[in-house]
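Data first, discussion second: the structure below is written as structure tokens.
The values are calculated or read from the model by the stated rules, or taken from the named source; none is laboratory data. None of the values given here were measured: they were computed from a predicted structure. Here Cβ is always computed from backbone atoms with ideal geometry, including for glycine, and neighbour counts include all displayed protein chains.
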Amino acid sequence: MSKLVIGPLETERFILKPMGMLEALRVTNRWRHDPDILNGLMQTSKPRSLGHWLLRGPLPRTRNRFAFAIIPKGETVPIGAHMVRLQGYRSAFGTVAVHDRNWWGRNVVVEARARLMNHFFAHCGVERFYGVVDSRNVASIFSYRRLGFDHVGTWHRQKQNPVTGEVIDFVNFEMFRDQWVKGPFWEAPDGQ
Amino acid sequence: MGSEARACAIVGDALNCPGAIGIGAEMNSVAAWDSLGHMAIVAGMERELGHALTAEQIASITSVRRVAELLEAL
């Protein structure tokens, strides 16, 4: 897959600004110590080292992993970030967190993810988006269902939270391109 | 109280609009049904039922009618 160049994307309320590794590290660095975000992303509140974050964190890579800062229009400080990882078999996976609590419950993820899905379906050859979510991460489940993703499976007893000992199930969601373009969030790019 | 009325009450309370939610309401048709509201709906159902919902049950909630079906079945 050749290197994709993606400019800033715009939604009704936000600019989704592409980030390189250093900027993504700067924006997400606080996540390493934020128990709410760590629980959502990694199913544990255990703080993560910088080394772990560099290797396993939601950071961009040159050809197949992209990171976007979510910035309210008229402002300069990101309220969160959304990553998209492209797989070679035309599937894509998203990871998102909103660290600014003032924006929780205001449909940030739905709006940002819809815009990114429109872009990647239209321009990047993606045929399927999928998500794998901790079954108690109800806010994330909401965003997938709100966007019209199908619940296609469940992994029972898939992981254990090392801090609480809780055993965690995961739910799987997916959305195919032909399904997405028939739905309410599709916005055809110019010329299509 | 029947399951449909209980579902309307749970969702209405969770979304801070008691009495304004009908059985035909869906997450895509109610502006107040956001992620925090969705969490409150799941919490309200678990309080009502006295136990936690399964992963499949949580993932299936997209409408008040589905909430009623789950209350009826459980």
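Worth pointing out:
- Check on B:Ser60, under 25 Å from A:Asn102 (Cα atoms), surrounded by 14 or more Cβ atoms within 10 Å (Cβ to Cβ), more than 10 Å from the chain's Cα centre (by Cα) and at the interface with chain A (Cβ under 9 Å from one of its Cβ atoms): no
- Residue check, B:Ala55 buried (at least 21 other Cβ atoms within 10 Å of the Cβ) and within 17 Å of A:Tyr144 (Cα to Cα): yes
- Residue in region A:167-190 that is of a type in the set (S, T, N, Q) and at pLDDT below 95 present: no
- Test for A:Gly57: is it closer than 16 Å to A:Phe93 by Cα, out of contact with any strand residue (DSSP E or B) (no Cβ under 8 Å at 6 or more places or on another chain) and of a type in the set (Gly, Ala, Ser): yes
- Listed by position, the helices (runs of 4 or more DSSP H) enclosed by region A:19-72 that each have at least 3 residues that are closer than 20 Å to A:Ala112 by Cβ are A:21-28, A:35-42.
- Close Cβ contacts (under 6 Å, 6 or more residues apart or on different chains) running from residues in region A:137-150 that are at the interface with chain B (Cβ under 7 Å from one of its Cβ atoms) to residues that are surrounded by fewer than 21 Cβ atoms within 10 Å (Cβ to Cβ) and in a loop (DSSP other than H, G, I, E, B) comprise A:Arg145/B:Thr62; A:Arg146/B:Met27.
- Within region A:86-130, tally of residues that are more than 20 Å from A:Ile6 (Cα to Cα), at pLDDT below 95 and in contact with a Phe, Trp or Tyr (Cβ under 9 Å, 6 or more places away or on another chain): 0
- Enumeration of residues in region A:165-190 that are β-branched (Val, Ile, Thr) and free of Cβ contacts under 8 Å to residues at least 24 places away in the same chain: A:Val167
- Any strands (runs of 3 or more DSSP E) falling wholly within region A:88-192 and containing at least 3 residues that are loosely packed, with under 15 Cβ neighbours inside 10 Å: A:150-160
- In the condition set (1) in a loop (DSSP other than H, G, I, E, B); (2) over 12 Å from the mean Cα position of the chain (by Cα); (3) within 14 Å of chain A (Cβ to nearest Cβ), B:Trp33 is compliant with all but (2).
- Residue count for region A:51-87 under the criterion of being under 21 Å from A:Met175 (Cβ atoms) and loosely packed, with under 15 Cβ neighbours inside 10 Å: the result is 1.
- From the list B:Gly44, B:Gly12, B:Gly22, the lone residue that is over 9 Å from the mean Cα position of the chain (by Cα) and either in a helix (DSSP H, G or I) or away from chain A (no Cβ under 14 Å) (or both) is B:Gly22.
- Residues (surrounded by 18 or more Cβ atoms within 10 Å (Cβ to Cβ) and polar (S, T, N, Q)) located in region A:12-45: A:Thr28, A:Asn39, A:Gln43, A:Thr44
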